[in-house]
């Protein structure tokens, strides 16, 4: 049985033209060889598996070729090329700096540089992972790298250029290798599949290319693994199962549920993803990429930024037509915040579910409803108000005919109240409903004032006064006197353990302005900030007590003195004490003291 050779070695490029995804670098190197403008040192830097060492070997082979082509490619026929292809060339030396990083290793290399080539024109030294050299080794290598013999060429390769000394960088021509695009990797995998007689679906090859993250060597390694698993037929389903990749369909489905505002289905789909063994961070990253692709798909100019197959690109175009840019931008922001805070979150699943629910409410603020459409309100027949039952001893009142324009907007809300009154007072003649209360002299704000002090409505006993009140409205009216009556008890409750806050609230009377705005005047910004911190609690008490959810609170800082104002700040306290005892001021000035209570 023949020895198996992995695809990364079997199909390793042997010429510049076969290098994948680095055309700008290969063209520059070929032109330098053709024009005989070869520098003494090169630095190839970039991510793993993008062709750095491969290009270094091809260049070493090409500059020693005896029958160099007009296009700058090696002939692959001469003795030098044949010895290189068999890894038997004496003019090419490869050094792994990860395991040969000492000063002695560099001294041996420098000694070899002094010996000219016995066969060929150049001696090429390829130093891989050069950033692993020690500080002393770099220093020992400096002079040789700057002024080597004319027959010596150095090619340094590294994935971490920032770890190399600036003095080394300044002596090299630097070539930055970029990540190989998904399309280039997919095309190369398709060629390898055809050479290996493997039938592979285009979507499957695109998934491999995306998983490789710009590294062709990683893509070829995954391809070999999948062929061993699937045989000569490689499908999309087999790839996502073997590589543990979330299917695109999951992201399309979850986005579809989000656009409908269907929180329940969104959470169920997330549960299915987690049950399949996928990490939540992986889902967040993939969903963010999905939203980004939807945003990119909305413009023909940016459509080329998508790194997907044609089939999946059509699905993106279809779903992108259901979204607007504003929603996608906000959803991306929510997803990004979820991604940032995911690792530090204690309950990671809840953190992810909250982000998805926020997206659902963003897409559909009214919430998901299975009803496609509802009949308009104008088409509903008016509901007649239910008249109270007549008493047997008295003639029944004539029915009241309501004008169409005077029909209540919400008649169903008034019916239970009429029925409740008729059923609980069977022996009393039906009386007109009591008017809406506008005076809150006996209002009960958080249990601060005894509700028994409220006057009973006409015709209603004191015990049933609470039952006979009208249903609360959004904006019940109240007066300045009502506000002043409840303000001090409210301040006492809020400032129970904060005497300074209590003083800030009661030092001046609150003012009821237009639009139910309550203005509180304070002496300084410290008091204003204290009130602001308790503002939600104050508004909750007032809005609930007055049954008016339109109440707002505003603070104004004033320098006007307040009669019998209690000292608040340290300066106020000192001034109050100094007014009673002026000698304190003299003592402070003589001893140069600061005011600190």
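Here, each number is a calculation from the coordinates, and none is a lab measurement. On a predicted model such as this, the values are computed, not experimentally measured, just so you know. All Cβ positions, glycine included, derive from the backbone under ideal geometry; neighbour counts span all protein chains shown.
Taking the Cβ-Cβ separation of residue 586 and residue 285 as r and a Förster radius of 60 Å, what is the calculated FRET efficiency to the nearest 0.05? Efficiency, from the Cβ-Cβ distance: 0.25. Taking the DSSP beta bridges with both ends in the range 480-557, the antiparallel portion is around 35 percent. The spacing between the range 154-207 and the range 519-546, judged by their C-alpha centroids, is 63 Å.
In this calculation the C-beta distance from residue 477 to residue 299 is compared with R0 = 56 Å, giving a FRET efficiency of 0.55. Label-to-label distance, residue 183 versus residue 497, with points set 7 angstrom from Cα along the beta-carbon direction: 6.6 nm.
If you take the Cα centroid of the range 273-301 and the Cα centroid of the range 1-65, the two points sit 35 Å apart.
Arranged from fewest to most other beta-carbon atoms within 10 Å of their beta carbon, 127, 354, 258, 240 become 354, 240, 127, 258.
Averaging over all projection directions, the Cα-based convex hull of the range 480-557 occupies 4.5 nm² in the image plane.
Be a star and scan the range 242-274 for residues whose amide nitrogen sits under 18 Å from the point 7 Å along the Cα-to-Cβ vector of residue 6. Residues 243 fall inside that zone.
Fully extending the segment from residue 76 to residue 347 would add 91.4 nm, taking 0.36 nm per residue of separation and subtracting the current Cα-Cα distance.
Sorting 103, 520 by the number of Cβ atoms found within 10 Å of their own Cβ, with the fewest placed first, yields 103, 520.
Taking R0 as 30 Å, what FRET efficiency do you get between residue 593 and residue 556 from their Cβ-Cβ distance, rounded to the nearest 0.05? E(calc), rounded to 0.05, equals 0.30.
Packing, taken as the mean count of other beta carbons within 10 Å per residue, orders the peptides 301-307, 140-146 from highest to lowest as 140-146, 301-307. Put in order of Cβ neighbour count within 10 Å, fewest first, the listed residues 353, 147, 537 become 147, 537, 353.
As a rough guide to protection, the peptides 112-118, 9-15, 338-344 ranked by mean Cβ packing within 10 Å, highest first, stand as 9-15, 338-344, 112-118.
Highest average first, the peptides 210-217, 542-549 ordered by how many other beta carbon atoms sit within 10 Å of their residues are 210-217, 542-549.
The length gained on full extension between residue 194 and residue 160, counted as 0.36 nm times the residue separation minus their Cα-Cα distance, comes to 8.7 nm.
Note on the range 248-363: Rg/Rh from C-alpha atoms, Kirkwood Rh, equals 0.95.
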